[in-house]
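The values are calculated or read from the model by the stated rules, or taken from the named source; none is laboratory data. Source: prediction; values computed, not measured. With ideal geometry, Cβ positions are generated from the backbone for all residues, glycine too; neighbour counts draw on all protein chains shown.
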Amino acid sequence: MRVFVDQEKQSQHYPTGFLVNGLMQPNPEMPERMERLLSGVAAGGHDVEMPDDHGLGPIAAVHTPAYLKFLSTVYTRWSRIPDATPEIFPNIHPDRRTASYPLSVVGQAGFHITDMSCPIGEHTWEAARWSANCAVSAAQAVVEGGKAAYALCRPPGHHCFTDLAGGFCYLNNSAIAAQYLRRTHNRVAIIDVDLHHGNGTQGIFYGRDDVFTLSIHADPARFYPFFWGHAHETGEGAGLGYNLNVPLPRGTDDAGFLQGLEGGLEHVKAFAPDAIVIALGLDAFEGDPFGGLSVSTPGFERIAALLAGLKLPTVIVQEGGYLCDALGENLHSFLNGFENT
């Protein structure tokens with residue numbers, strides 16, 4: 001399987017902290033994640049390639065001009081504030097997306113960043129842009145006839161809306177890949193198997209009927225992202241019926257996860273997509289620091305086998321999965337299960 005990553009550029013983003021239960025703690029979305037994931041890639045003998053620079057076009061097909069202008073300029077503008085912090089955190093938020101757009105960089109930070117888990121540093125924009133390039137390069141490989149390609153995207157993306165960063169995510173790589181596939185495929189499904197609900201992805205496609213979104217995740221009633229990911233959220237307007245959430249009880253193991261996935265895939269098959277994007281979170285693992293679900297290392301192979309059974313052109317986009325001894329092994333298990341089905 002072709003694998004796309006630019007470790008040097010994507011590692012430049014190194015957030016120091018995030019807010020948890022009112023306390024600042026070390027940010028788990030650190031560059032070492034890439035090293036662990038690459039060990040899993042190496043274990044499978046996959047071909048690692050540098051992504052091409054696809055420019056802003058594929059990114060701008062998903063994200064608004066105001067948001068991209070903000071991301072690309074905010075650090076320089078923030079740095080002009082006397083005694084500015086080295087990372088940008090929001091301290092005020094509007095009560096609605098239709099609120100007036102401020103000129104102040106402080107106000108814009110609150111408008112475009114939803115929580116305290118995605119600080120913006122000097123190299124965040126460049127790292128996020130190259131993470132998106134990985135997703136587009138993987139999508140291009142599939143457009144050119146490849147069965148599947150894996151984008152080692154870091155920072156991740158599925159919590160990012162069209163104009164709103166959140167949950168360690170700045171650009172929605174899975175959505176960008178799906179939109180790119182739409183150039184040549186009439187119907188695309190995004191299947192999100194991350195521990196956390198893909199709220200940004202849901203938001204981007206919520207009113208559309210050409211991209212079906214399925215997310216299987218820990219029940220958000222008492223778990224991040226809290227406000228999205230509930231079973232009653234099924235789309236709106238033209239997109240009504242094209243979004244499916246499968247919230248799972250905390251601690252759900254392999255059997256429960258696979259059962260939920262099998263049910264969700266029946267809806268995907270009924271949608272009859274021409275290609276799929278897998279938003280691959282490895283944080284559903286029983287030993288992941290976030291501790292929400294209890295999928296085993298062999299379980300990821302079984303999850304991958306179910307997804308490969310769709311026998312569709314597939315872009316695999318890395319989402320969550322945090323530092324633990326089995327992180328690389330979990331990726332190897334998934335890729336192995338996908339390729340050998």
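Structure summary
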quantity	calculated
Top-ranked residue in segment 278-323 [being without any contact (Cβ under 8 Å) to a residue 40 or more places away in the chain and under 19 Å from the mean Cα position of the chain (by Cα); ranked as nearest to M1 (Cα to Cα)]	A304
Considering residues of segment 101-131 that are assigned to a loop (DSSP other than H, G, I, E, B) and farther than 15 Å from F70 by Cβ only, the residue nearest to the chain's Cα centre (by Cα)	S117
Among (1) over 17 Å from the mean Cα position of the chain (by Cα); (2) in contact (Cβ under 8 Å) with a residue 40 or more places away in the chain; (3) assigned to a helix (DSSP H, G or I), the one test that R33 misses	(1)
Answer residue from segment 132-162, given it is among the hydrophobic types (A, V, I, L, M, F, W, C), part of a loop (DSSP other than H, G, I, E, B) and out of contact with any Ser or Thr (no Cβ under 6 Å at 6 or more places or on another chain) and is nearest to G45 (Cα to Cα) among those	L152
Number of the exception - R97 against (1) among the basic types (K, R); (2) closer than 21 Å to P15 by Cα; (3) exposed (fewer than 13 other Cβ atoms within 10 Å of the Cβ)	(2)
Count - residues of segment 233-263 that are of a type outside the set (D, E), more than 20 Å from V211 (Cβ to Cβ) and either assigned to a loop (DSSP other than H, G, I, E, B) or in contact (Cβ under 8 Å) with a residue 24 or more places away in the chain (or both)	9
Pairs with Cβ under 7 Å, 6+ apart, first in segment 157-171 and closer than 15 Å to Y206 by Cα and touching a residue at least 60 places away in the same chain (Cβ under 8 Å), second of a type in the set (D, E, K, R) and in a loop (DSSP other than H, G, I, E, B)	H158/D194; H158/E319
Test: residue in segment 165-173 that is farther than 23 Å from M30 by Cβ, at pLDDT 95 or above and assigned to a loop (DSSP other than H, G, I, E, B)	no
Residue satisfying all of: in segment 13-59; surrounded by 16 or more Cβ atoms within 10 Å (Cβ to Cβ) and in contact with a His (Cβ under 7 Å, 6 or more places away or on another chain); nearest to C153 (Cα to Cα) among these	H13
Test result for C134, touching a residue at least 60 places away in the same chain (Cβ under 8 Å) and farther than 20 Å from V315 by Cβ	no
Some residue of segment 264-277 being part of a helix (DSSP H, G or I), free of Cβ contacts under 8 Å to residues at least 60 places away in the same chain and charged (D, E, K, R)	yes
Test: residue in segment 165-173 that is of a type outside the set (A, V, I, L, M, F, W, C) and over 17 Å from A109 (Cβ atoms)	yes
Residues (hydroxyl-bearing (S, T, Y) and in a loop (DSSP other than H, G, I, E, B)) located in segment 201-232	Y206, Y224
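Here is a yes/no grid of residues against (1) of a type in the set (G, A, S); (2) under 27 Å from R222 (Cβ atoms); (3) buried (at least 23 other Cβ atoms within 10 Å of the Cβ):
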| position | (1), (2), (3) |
| --- | --- |
| E301 | no, no, no |
| A304 | yes, no, yes |
| L312 | no, no, no |
| L323 | no, yes, no |
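So that you can scan it fast, the table gives a plain yes or no per residue for (1) assigned to a loop (DSSP other than H, G, I, E, B); (2) touching a residue at least 60 places away in the same chain (Cβ under 8 Å); (3) among the basic types (K, R):
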position	(1), (2), (3)
Q12	yes, yes, no
L37	no, yes, no
K69	no, no, yes
P82	yes, no, no
T85	yes, no, no
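Here's the yes/no breakdown for (1) aliphatic (A, V, I, L, M); (2) more than 17 Å from the chain's Cα centre (by Cα):
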{"residue": "I191", "(1), (2)": "yes, no"}
{"residue": "G200", "(1), (2)": "no, no"}
{"residue": "F212", "(1), (2)": "no, no"}
{"residue": "F227", "(1), (2)": "no, yes"}
{"residue": "T234", "(1), (2)": "no, yes"}
{"residue": "P249", "(1), (2)": "no, yes"}
